[in-house]
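Here is the structure we will look at.
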C-alpha cells in the first residue's frame, strides 16, 4: 500500500499507482522570515476564536442572558444577528486543524505525534478546568460548580462519551478533535504518512462518514463524525495542496469536503424565520462563512498570504487555545461584574471582556503552557527503558 507496483505483467494498475504515489516537492512553499511557521495561520486561529467569543457573548440566549441581566438581543440590537454566525468559527477551526495535524504528523513516529498532541492540549486544558471550577465555587459567583467527581472526570477529556456534565462548554469541540487525532494516527501516522496513504484516508473517511449518516447508527456517528468530518478532511486536503498546488487529487478532496461541509453547516444552523427564535441565520451567509474558512486556509496553503508575517501573530496563535478554553464561562463572570455591577455600557463591556480573557490566556500560556508543555512532551517522548540483561 505504500509504493508503486513493481514487476507486474499488468501495466495499468502500476500506472495508476504511480500517479497516486507521485511525490510532492520536498520543500513546499513556507513563510521564510518566520523560519517555516505559517504566521497567517496563527492569525486565522485568532479570528476564529474571536468569532466564537462573539457568539457566546452576544449571539445567543440562555446563560449569557443572566450575565448581561437582559437578552443580548437588547444589548446589541444591530450586531446580535451577526454575532449569531460566530459559532461557525468552530468549522473554521476544524479546517485549520486538518491542515495542521497533517503537517504535524507527516514523517513523525506515533510516539512523537502522540506526545506533541497531548502536550499541546492538556496543560492549558487542565488549568482551565481547575480555574473555572474554582471561580464558580466562589460564593459571589452566580454560577454553580460541578461536583468534585464530575470535575475529576473532566480532567480526562472523556466527559462527553461518559455522559458527565462539562466544566467547559467548549470541550465538545475537543472531543471531536480527539477522535480526529485518533483516526489520523491509526490510519496515517502509525503506518507512516505519505501522499497515497493520506489520499486514501481522506477518500475512505468521506465515504464511511456518508455511509454512517445513512445508517443512523450511534456508534458509527461517534467514530466517524459525519457532520464534522468534511472540515477536518478539507484541511488535510489543503495541506496536500500546500505540498503540491498542482495535485488534482488534493483539490478534489478539498472541493468534495467543501460541498459536504456547507450542507452540514446549513442543516445544523439554519432554521426558518420564527418569532420564538433568538436569532435567524441566512443559509447564504452560512455558506459564505464556510467558504471563507476553506478559502482562507487555501490562500495560506498556496503562499498567497506569505507577506502576512508579523511577529505578533505568533503570540496571537499561542493565545488562541487558552483563550478559547476560558473565554465562555469566565467571560460571563466578567460581563456580570463590568456591566451589571460597574454599569459599563454593553459595547465597552464586550471589548473589555475580550481583553481580560486575552490577558488571562497570556498568563496561562506564560506560566502554565511554557512551563509544563515541554516537560510533558519530553516525558511522553522518552523511549521506554530496556530491561536489564541477566549476567552469565
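General observations
- Two-site FRET efficiency, residue 382 against residue 291, from Cβ-Cβ distance with R₀ of 45 Å, rounded to 0.05: 0.55
- Crossing angle, helix 248-269 versus the chain [Cα axis fit, 0-90 degrees, rounded to tens]: 30 degrees
- When 225, 357, 160 are arranged by Cβ crowding within 10 Å, least crowded first, meaning fewest neighbours, the order is 160, 225, 357.
- Listed residues 76, 93, 184, most fluctuating in the chain (Gaussian network, C-alpha, under 10 Å): 76
- Theoretical FRET efficiency, 1/(1+(r/R0)^6), r = Cβ-Cβ of residue 74 and residue 165, R0 41 Å, to 0.05: 0.90
- Each 5 Å bin from zero holds the following percent of Cα-Cα pairs in region 222-342: 2, 9, 13, 13, 15, 18, 14, 8, 5, 2, 1, 0.
- Cα gyration tensor, region 103-162 - rounded (a/c under 1.5), prolate or oblate: prolate
- For region 286-392, the square roots a ≥ b ≥ c of the C-alpha gyration tensor eigenvalues yield an a/c of 1.5 or more together with a/b not exceeding b/c, which makes the shape oblate.
- Alpha carbon centroid spacing (whole Å) that separates region 245-268 from region 78-116: 16 Å
- Potential lengthening between residue 268 and residue 314 on full extension [0.36 nm per residue; Cα-Cα distance subtracted]: 13.3 nm
- Spin-label model, residue 304 to residue 282: label points 7 Å out along the Cα-to-beta-carbon direction sit 2.2 nm apart.
- With Cα atoms, 0 to 90° folded angle of helix 312-335 axis to the chain main axis: 40 degrees
- All Cα-Cα distances of the chain, cut into 10 Å bins from zero to the largest, leave 5, 20, 31, 26, 13, 4, 2, 0, 0 percent in each bin in turn.
- In Å, descending, principal axis extents of the Cα set of region 60-162: 52, 37, 21
- For region 159-262, the fraction of C-alpha pairs more than 19 angstrom apart is 46%.
- In nm, spacing of pseudo-spin labels at residue 134 and residue 221 (7 Å Cα→C-beta vector): 3.8 nm
- Each of residue 207 and residue 342 was given a label point 7 Å from its Cα along the Cα-to-Cβ line. The distance between the two points is 5.8 nm.
- Residue among 236, 368, 290 with the largest mean-square fluctuation in a Gaussian network model of the chain, springs linking Cα atoms under 10 Å: 368
Readers should treat all values here as calculations from the given coordinates under stated rules, not as data from a laboratory. What you see is a predicted model, and the numbers here were worked out from it, not measured in a lab. Note: ideal-geometry Cβ built from the backbone for every residue, glycine included; neighbour counts use all protein chains shown.
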